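Below: the structure, in structure tokens.
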Amino acid sequence: MTTASGSRPARRKWLALALAASLAAIIAVVAVLPGLALGSDQARTLVIERLEQLTGRHVSVDGRIDFSILPRARLSLEHVRLGSTNGIDIDRLVANFSLLDVFAGKGEISRLVLVRPEWQSAPPIDDAVAAAAKANAASGLMATGTGEGLMTGLHRLMSRLQGVRAIEIRDGLFRPSEPGFEGSRGISNANVTIKQSTSGDSLSLSGSFVWNGQPTTVDLGIDSSKPLRDGGSGNVDLSLDSPALTASFKGTAEFDRLRDAQGKLSIAGPSFTRGIEWLFSPDLRVPEIGAVALSGDLMLRGKNAELRNANLSIAGSQGHGAMEARIDDGIPVVGGTLAFDSLNITPVARSIAPFPRNAFDFERPLDVDFAKAMRMEIRLSASDLQLGTVPFKDVAAVISADGGIAKLEVGDATIFGGRGQATLTVDGRPATPGVEGWFSASNIDMGHLFTGLSIKSIGMSGTSSITAKLSAPAKNWRTILAGLKISAKLATTNGTLSGFDPRVFARPGARPLAAGSGDGMIPFSVLNATVDLQGSTLTFQPITIRNDAGSLSASGDYHARTNTIDLNGNFVAAAPATASADPATPAIPQKTIAFDMKGNWPNPSVTTKAASPI
């Protein structure tokens, strides 16, 4: 009983002290902050002045203002606008204050929350600027200075974040109207938090947003040995993740410029086309070459970037070397040197000009816009290179693009046992793009060529020299097939023909061409051919085959539309050897047999005329 009765005065004493402390706190708040009553003009002025200092823009408030101290000190502003022209509209802005600062009368903001901030910059007024913006957007060019503007804005923000420990953006929208940003491009649904350490020597940015229709998460960490606003260098750790592209960077950067950096860079995406569209423009048509990955040591100096010890995975092939890039007048400029042990460019060729699978595919435009959207010169080498069923070895080539013209130049390559060079140029500038090229090879092993091209109906061996030129409109497959022009020359020596006997043209009478098929081999000393293709018509200039039995020559046309062939020529038998050396003995005259070959391929009719002496 004594203990219980003794505890009651103690409890009353603590209760009295608590009430006195609470009363003192209330009196202190009223005494220290007479101007910070709910919705006071002084609180509003403090926040507006701080916002103008942070953003460098005029701040206006058109909505309700609420101020409270408990449970935390904060000011809520509705319908806030930062700036006048190209300003930022904020549905609701909440500024949190440190309660200790409030009691001290400082009114410093510790945290800012921006609910549904929206920035949609005004379109250009000048007609020339508007026309340039439209042209750039149509060609898929990058918005000039966009990346630089974001970096500059982040640097300004860091230099002005004095006292503000965190900025939170909820459901933000950023949609500029610069070239390449028309339509739905830009950032939306942004939920990002920016935090700064008390000493100002570290900053983090993390959250998510939607960029060009793809949800994206970002995590950025920056720290230095001194306050970031003082410049200098420090550590940067960045990761970006979206369905179209993932990227990471870990290294150092100069904070006063934020454009000088060095460190490890890694970029990867499941689709080359989706990655480019996500980065630049959804309207840009680029070849689909599948998954891509790029990593290496980044050296960034202003607008120039170098990637040393670069590793590139493209179309399933792995390359190593060095690359460089910059932005010149809003256009990406890419260069470099890459070496591949094995390179398969078949997916690239098929993506630029996919073979039509139905009648509608003949009208599908070919993807040649990439030649307008960038400037590029990449030197590559490959121990083994595959194009369709054609294998190349020891390839040295240059891939370039500039001003709407893309070019592939093969300076040297081993092909079917010989050496070859080639150039292929795509000109995307006209309304109807065009393609032209040439090919030259020597010492080609025809046996390897026929095997490599899977030609089985006829066999051929020997050593050949081949030259060819081609040109065609390249708007779609219909224009290619209608306007394709190829001129090729073949010169083969000391070879054989198998599966076909040219003596079918030497016997008088009429018979199907199949009568000349067989399992034997016919040797020849010379086989020369000149072939011209225009549209669907293949024209054979004199084709000549010589061996010990004689000489065969022919010329004519093959029409692919009707699958018919019309050739005419002659076979001149070699003069037989005579046993007599007497000059008085008359020589046996050579005989010639004229022939015509007409009908549907592959088994037209061959008609020969009676032999006549030459």
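The values are calculated or read from the model by the stated rules, or taken from the named source; none is laboratory data. Model, not experiment: these values are computed from the prediction. A quick note on method: Cβ atoms are made from the backbone with ideal geometry, for glycine too, and the neighbour counts reach across all protein chains shown. Areas reflect the complete protein model, heavy atoms only, side chains present, ligands, DNA and RNA absent. Shrake-Rupley method; radii C 1.70, N 1.55, O 1.52, S 1.80 Å.
Take the conditions among the basic types (K, R), part of a helix (DSSP H, G or I) and surrounded by fewer than 20 Cβ atoms within 10 Å (Cβ to Cβ) and apply them to R350. Does it pass?
For R350, the condition - among the basic types (K, R), part of a helix (DSSP H, G or I) and surrounded by fewer than 20 Cβ atoms within 10 Å (Cβ to Cβ) - is met.
Could you check the range 322-339 and list, in sequence order, the residues that are open to solvent by 30 Å² or more (accessible area, probe 1.4 Å) and not aliphatic (A, V, I, L, M)?
E324, R326, D328, D329, T337, listed by residue number.
Could you tell me which residue of the range 450-495 is farthest from R357 (Cα to Cα), considering only residues that are part of a loop (DSSP other than H, G, I, E, B) and open to solvent by less than 40 Å² (accessible area, probe 1.4 Å)?
Checked the range 450-495; the qualifying residue farthest from R357 (Cα to Cα) is L484.
Any idea how many residues of the range 165-188 are open to solvent by 50 Å² or more (accessible area, probe 1.4 Å), of a type outside the set (K, R) and modelled with pLDDT under 90?
4
Listed here are the residues, each with its yes/no results for (1) modelled with pLDDT of 90 or more; (2) under 28 Å from I405 (Cβ atoms); (3) touching a helix residue (DSSP H, G or I) at 6+ places or on another chain (Cβ under 9 Å).
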site: G428; (1), (2), (3): no, yes, yes
site: A431; (1), (2), (3): no, yes, no
site: E436; (1), (2), (3): yes, yes, no
site: I444; (1), (2), (3): yes, no, no
site: G452; (1), (2), (3): no, no, no
site: M460; (1), (2), (3): no, no, yes
site: A468; (1), (2), (3): yes, yes, no
site: A474; (1), (2), (3): no, yes, yes
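Hey, could you check the range 57-72 for residues that are within 16 Å of L114 (Cβ to Cβ) and small (G, A, S) and say which is nearest to the chain's Cα centre (by Cα)?
The qualifying residue nearest to the chain's Cα centre (by Cα) is S60.
Considering only the range 69-91, how many residues are among the aliphatic types (A, V, I, L, M) and either modelled with pLDDT under 80 or in contact with a His (Cβ under 7 Å, 6 or more places away or on another chain) (or both)?
Final tally of qualifying residues: 4.
I'd like the full set of residues that are under 21 Å from the mean Cα position of the chain (by Cα) and open to solvent by less than 30 Å² (accessible area, probe 1.4 Å), limited to the range 400-425.
Scanning the range 400-425 gives S400, A401, G404, A406, T425.
Which pairs turn up if I take residues in the range 74-86 that are without any contact (Cβ under 8 Å) to a residue 40 or more places away in the chain and look for partners that are surrounded by fewer than 16 Cβ atoms within 10 Å (Cβ to Cβ) and assigned to a strand (DSSP E or B) with beta carbon separation below 6 Å, at least 6 apart in sequence or on another chain?
Sorted first by the residue in the range 74-86, then by its partner, the pairs are S76/D66; R81/S60.
Can you confirm whether the range 286-299 contains a residue that is in contact (Cβ under 8 Å) with a residue 60 or more places away in the chain, closer than 29 Å to F392 by Cα, in contact with a helix residue (DSSP H, G or I) (Cβ under 7 Å, 6 or more places away or on another chain) and open to solvent by 30 Å² or more (accessible area, probe 1.4 Å)?
For the range 286-299, residues in contact (Cβ under 8 Å) with a residue 60 or more places away in the chain, closer than 29 Å to F392 by Cα, in contact with a helix residue (DSSP H, G or I) (Cβ under 7 Å, 6 or more places away or on another chain) and open to solvent by 30 Å² or more (accessible area, probe 1.4 Å): present.
Is it the case that F370 is among the aromatic types (F, W, Y), over 24 Å from I444 (Cα atoms) and open to solvent by 70 Å² or more (accessible area, probe 1.4 Å)?
Taking the combined requirement at face value, the residue does not satisfy it.
Mind listing whichever residues of the range 29-55 are modelled with pLDDT of 75 or more and either open to solvent by 50 Å² or more (accessible area, probe 1.4 Å) or part of a loop (DSSP other than H, G, I, E, B) (or both)?
Result: T45, E49, E52, Q53.
What number of residues within the range 533-567 are in a loop (DSSP other than H, G, I, E, B) and touching a residue at least 40 places away in the same chain (Cβ under 8 Å)?
The total comes to 3.
Which count do you get for residues in the range 216-232 that are modelled with pLDDT under 85 and surrounded by fewer than 18 Cβ atoms within 10 Å (Cβ to Cβ)?
Residues meeting the conditions: 5.
Is it true that S206 is in contact with a helix residue (DSSP H, G or I) (Cβ under 8 Å, 6 or more places away or on another chain), modelled with pLDDT of 80 or more, surrounded by fewer than 18 Cβ atoms within 10 Å (Cβ to Cβ) and of a type in the set (G, A, S)?
no
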